[in-house]
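Single-structure report; data block below.
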Amino acid sequence: MSALRTWLADRFRRGRVGRAARLLPLAPSPAAIERVVAWLSRFRLLRPLMEGILPVPRMLRDETVQLEIRMAPYRLRATRVLFTITLALLLLSLVGAVVLSLLPVSGFLRAGAWLFTLLPLLGFLRTVHQMLLYYQWRFILTNKRVIIIAPEPRRSGFADVIYLKGGKIQVVDTAWSSSSLWGLFQAMTGARDVILSLTGYEFKPEGAEVKGGLRFPDVMPEDIVKLEEIIFG
């Protein structure tokens, strides 16, 4: 019996070590989507695809993280609510379409029921994409450089890692979101879009404009203060 307990304890310990080794770095409590991507990355054929969806930055020797910024928490909470609503509507519409297919109704009504399922399906896919964006946007400041993970503008669903030498960022500007929905959340929380630039401002007759800036959406005000203190302090 003692040998059996020792064997079970050893298996349990090795299982915990194996799970910990698969967790993404810089995320002490990875979300479900991050754990799924990390698990799929174990398969050689899927690894390049998973690394393109949720890239993991390569850390240098003796490199430590000083600050990591993600989008404001309300982005994730609101997206989860929309995800639940659209998933429920999608399931209800599918059940309704199946029931109508079994009833003696006209083919036009059956086709309309199946076409109606496209609306919640599109909404569901949209919310999944918005949830993915939350985990793709990351600003990481280390003792050696700046690492920015941002969605690729020409390839929806994929992200890229940008490595910058420390001290290269010249401008940290804030702006309201172009979305009326997220702008409402910004008005209630004080969050803003942060524009990061390597070159500075371009002065025009009507005012100043950031040149070649990267727009990081929905950053909480306390994170903006930390970012400014570390970069300019």
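The values are calculated or read from the model by the stated rules, or taken from the named source; none is laboratory data. In this text the structure is predicted, and so the values were computed from the model without any measurement. For neighbour counting, all protein chains shown are included, and Cβ atoms are generated from backbone atoms with ideal geometry for every residue, glycine included.
Please go through region 134-145 and pick out each residue that is closer than 15 Å to GLY233 by Cα and among the β-branched types (Val, Ile, Thr).
If we filter region 134-145 for residues that are closer than 15 Å to GLY233 by Cα, which is where we start, we get 141-143.
Scanning region 134-145 gives a single hit, THR142.
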Just to be sure I understand, how many residues within region 99-133 are assigned to a helix (DSSP H, G or I) and more than 30 Å from LEU196 (Cα to Cα)?
21
May I ask you to list the residues in region 33-58 that are in contact (Cβ under 8 Å) with a residue 60 or more places away in the chain, in contact with a Leu (Cβ under 9 Å, 6 or more places away or on another chain) and surrounded by fewer than 16 Cβ atoms within 10 Å (Cβ to Cβ)?
ILE33
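Restricting to region 134-154, count the residues that are modelled with pLDDT of 85 or more and either of a type in the set (Phe, Trp, Tyr) or not in a strand (DSSP E or B) (or both). Steps first, please.
Initial filter on region 134-154 (modelled with pLDDT of 85 or more): 134-152.
Right, trim to either of a type in the set (Phe, Trp, Tyr) or not in a strand (DSSP E or B) (or both) and you get 134-137, 139, 143-144, 152.
Going through region 134-154 one residue at a time, the tally reaches 8.
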GLY200 is checked against (1) in contact with a strand residue (DSSP E or B) (Cβ under 6 Å, 6 or more places away or on another chain); (2) on the phi < 0 side of the Ramachandran plot; (3) of a type outside the set (A, V, I, L, M, F, W, C) and fails just one. What number does that condition carry?
(2)
Contact list please: Cβ distance under 7 Å, first residue in region 100-120 and of a type in the set (Gly, Ala, Ser), second residue modelled with pLDDT of 80 or more and part of a helix (DSSP H, G or I), pairs at least six apart or on different chains.
ALA113/GLY96; ALA113/ALA97; ALA113/LEU100
Quick one: in region 159-170, of everything that is closer than 18 Å to ARG215 by Cβ and either of a type outside the set (A, V, I, L, M) or not in a loop (DSSP other than H, G, I, E, B) (or both), which residue is modelled with the lowest pLDDT?
LYS168
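This table checks each residue for (1) buried (at least 16 other Cβ atoms within 10 Å of the Cβ); (2) within 20 Å of ILE69 (Cα to Cα); (3) in contact with a His (Cβ under 7 Å, 6 or more places away or on another chain).
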| residue | (1), (2), (3) |
| --- | --- |
| THR117 | yes, no, no |
| TRP137 | yes, yes, no |
| ILE147 | yes, yes, no |
| PHE158 | yes, yes, no |
| LYS165 | no, yes, no |
| VAL172 | yes, yes, no |
| TRP182 | yes, yes, no |
| GLN186 | yes, yes, no |
Contacts under 8 angstrom Cβ, first residue in region 218-230 being on the phi > 0 side of the Ramachandran plot, partner buried (at least 19 other Cβ atoms within 10 Å of the Cβ) and of a type in the set (D, E, K, R), 6 or more apart:
ASP218/ARG75; ASP218/ARG192; ASP218/ASP193
Filtering helices (runs of 4 or more DSSP H) wholly in region 1-98 for at least 2 residues that are at pLDDT 85 or above and of a type outside the set (Ser, Thr, Tyr) gives 47-53
Looking at (1) farther than 19 Å from PHE232 by Cα; (2) modelled with pLDDT under 90, find the lone condition where GLY183 falls short.
(2)
Does any residue in region 158-176 that is closer than 10 Å to LEU198 by Cα come within less than 7 Å, Cβ to Cβ, of a residue that is part of a loop (DSSP other than H, G, I, E, B) and of a type in the set (Lys, Arg) six or more places away or on a different chain, and which pairs are these?
none
